Amino acid sequence: MEVIITKDRSEASQYVAEMFMNVLALKDRPVLGLATGGTPKGVYGRLIDAYTRGEITFHHALSFNLDEYLGLGKDDEQGYARYMKENLFQFVDFKSENTHIPNGKAPDPEKECARYSDLIHAQGGIDIQLLGIGDNGHIGFNEPAKTFKRHTHIVELDEKTREANARFFDKKDDVPFKAITMGIGEIMQSRRIVLLALGEHKAEIMERFLGTEDIDPELPASILHAHQHVTVVMDEAAAKNYRKGEKHEATD
Ligand code: PGA
């Protein structure tokens with residue numbers, strides 16, 4: 001696992017954006033795995049700037065987002081379809097039929113999960129997947145659990161996640177209790193993964209995640225230790241407790 005520490009969030013975002021730009025430039029049909037939340041906004045800003053300067057295009061690219069709240073659809077203000085439109089899609093030349101987000105309003109959510117898994121598979125998997133990390137170690141909405149789930153599935157959100165994401169809603173009560181998330185198998189089949197962590201509030205979870213190579217479904221990000229091609233990018237604040245080469249004992 002490659003660990004990159006940058007001076008600040010702006011440098012970190014630039015670093016990750018350049019990884020995506022390379023994939024966009026090198027592949028005939030790049031498949032991008034995209035994330036939502038506070039963390040990726042700077043990356044999307046850099047990609048928009050590069051597109052505006054004529055340096056990159058998305059016309060040949062496909063995208064798959066990690067997750068969506070159950071019950072929220074493409075027009076809902078806090079839904080991730082709207083987030084992607086407002087933070088990236090409306091500013092660049094992605095073909096709308098090539099951008100994919102689970103439909104949280106599908107009449108049969110189980111069927112929607114299967115459809116989404118099949119679609120990722122049919123496109124040959126993801127070339128580069130962007131991940132944030134939750135305070136509880138989740139990736140996508142794969143919450144701490146007894147086992148890893150392989151495919152896209154419906155998940156009950158952790159209270160910690162609902163609290164952390166309440167800032168995007170009027171009040172915590174408005175945060176949905178469930179979501180659809182890409183499974184750990186689909187994330188792990190990505191050819192390249194970049195996990196971005198920004199800010200001091202991520203220092204503790206990054207210490208836990210990087211401090212052990214044990215793979216524990218109670219710390220979902222730990223599965224990334226088993227992937228061949230992961231880059232972790234942190235600003236100095238998130239890397240505050242990280243000591244290169246030092247392994248901490250996993251705690252129960
Ligand atoms: P954040 O969320 O980017 O809003 O901190 C990260 C995550 O929950 O994966």
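Checked against (1) exposed (fewer than 15 other Cβ atoms within 10 Å of the Cβ); (2) not in a loop (DSSP other than H, G, I, E, B), residue 147 passes all but a single condition, namely (2).
Each row is one residue, and each column tells you yes or no for (1) exposed (fewer than 15 other Cβ atoms within 10 Å of the Cβ); (2) in contact (Cβ under 8 Å) with a residue 24 or more places away in the chain.
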residue: 74; (1), (2): no, yes
residue: 93; (1), (2): yes, yes
residue: 96; (1), (2): yes, no
residue: 99; (1), (2): no, yes
residue: 105; (1), (2): no, yes
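Here the condition is being surrounded by 20 or more Cβ atoms within 10 Å (Cβ to Cβ) and at pLDDT 95 or above; of 15, 83, it holds for 83 alone. Consider the range 164-188 and keep the residues that are within 15 Å of the chain's Cα centre (by Cα) and not in a strand (DSSP E or B). The one that is nearest to residue 105 (Cα to Cα) is 182. Residue 244 meets all of the listed conditions (1) modelled with pLDDT under 95; (2) touching a helix residue (DSSP H, G or I) at 6+ places or on another chain (Cβ under 7 Å) but one, namely (2). Residue pairs whose Cβ atoms lie under 9 Å apart, separated by 6 or more positions or on different chains, with the first residue in the range 156-172 and touching a residue at least 40 places away in the same chain (Cβ under 8 Å) and surrounded by 13 or more Cβ atoms within 10 Å (Cβ to Cβ) and the second part of a helix (DSSP H, G or I) and not aliphatic (A, V, I, L, M), are 165/172; 168/83. You will find that of 168, 141, the residue that is of a type in the set (Phe, Trp, Tyr), within 13 Å of the ligand (Cβ to nearest atom) and over 28 Å from residue 23 (Cα atoms) is 168 and no other.
Among the residues of the range 137-157, those identified as over 17 Å from residue 224 (Cα atoms) and within 17 Å of the chain's Cα centre (by Cα) are 152, 153, 154, 155, 157.
Taking the range 19-41 as the range and being part of a loop (DSSP other than H, G, I, E, B) and away from the ligand (no atom under 16 Å from the Cβ) as the test, the residues that pass are 27, 28, 29, 30. Within the range 42-66, if we keep just the residues that are in a helix (DSSP H, G or I) and either under 21 Å from residue 179 (Cα atoms) or hydroxyl-bearing (Ser, Thr, Tyr) (or both), the residue that is farthest from the ligand (Cβ to nearest atom) turns out to be 52.
The values are calculated or read from the model by the stated rules, or taken from the named source; none is laboratory data. Quick caveat: nothing in here was measured; it's all calculated off a predicted structure. Cβ: placed from backbone, ideal geometry, glycine included. Neighbour counts: every protein chain shown.
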